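Below you'll find the structure, written out as structure tokens, and then a few comments.
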Amino acid sequence: MSSDFEVKLFINYVKRRTSLEFDNESMGELAVNIVNVLLSRNEYMSDEKAISLVNANPTDVRKVLQFLYRLGVIDLVRETTNQYRYEYKWSLSRDKISRFIRTRINNIVEKLTHIVRELSSSTPYLCPTCFKRYSLDEAYDFNFECPRDKTPLVQIDVTSEVTYLNKIIKELRER
């Protein structure tokens with residue numbers, strides 16, 4: 001995967017996750033600005049330096065930095081100052097982005113593999129209206145009707161779905 005493409009994927013992910021976390025689109029934009037500053041500097045940076053470079057509300061910058069750290073997106077070191085106080089410094093590198101994306105892809109592959117195993121071992125049914133899936137036992141219990149909207153359930157073509165998911169898994173593993 002090319003480095004620029006990884007960075008774009010990463011920035012898009014950070015923006016969406018931060019916007020959802022804070023239920024605020026501007027916090028997502030702030031997260032993108034912080035990531036861009038950390039990437040361009042390629043050094044450990046204190047809160048104050050990040051705040052001055054991003055030129056935003058200090059409280060919001062600190063909230064976003066802490067969220068990104070909890071998310072596993074940026075690195076943090078704690079240094080002791082001359083006054084025996086702690087100073088936190090944040091960093092982000094292209095290697096960190098590559099590792100993060102590889103980890104996310106591996107997690108997705110694991111989930112898709114789990115879904116393929118489940119599909120292979122059962123007979124799933126689908127409501128064509130609300131797209132909720134049901135197992136064979138659940139379909140029997142609901143008399144082959146969706147309990148939400150009373151639409152008749154349709155049996156899923158397992159072979160085509162498994163083939164499609166295996167194709168996606170193969171493509172993800174090749175990246």
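The values are calculated or read from the model by the stated rules, or taken from the named source; none is laboratory data. What you see is a predicted model, and the numbers here were worked out from it, not measured in a lab. Positions of Cβ are generated from backbone atoms using ideal geometry, with glycine treated the same way; all protein chains shown enter the neighbour counts.
Values as computed for the structure displayed
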{"read-out": "Helices (runs of 4 or more DSSP H) wholly inside segment 63-175 that include at least 3 residues being closer than 30 Å to TYR44 by Cβ and free of Cβ contacts under 8 Å to residues at least 12 places away in the same chain", "value": "94-120"}
{"read-out": "Scope segment 46-62; condition under 19 Å from GLU29 (Cβ atoms) and either among the small types (Gly, Ala, Ser) or not in a helix (DSSP H, G or I) (or both); matching residues", "value": "ALA50, SER52, ASN55, ALA56, ASN57"}
{"read-out": "Matching residues in segment 14-42 - criterion: being buried (at least 17 other Cβ atoms within 10 Å of the Cβ) and of a type in the set (D, E, K, R)", "value": "LYS15, GLU21"}
{"read-out": "Some residue of segment 120-142 being surrounded by 15 or more Cβ atoms within 10 Å (Cβ to Cβ), modelled with pLDDT of 90 or more and closer than 30 Å to LYS8 by Cβ", "value": "no"}
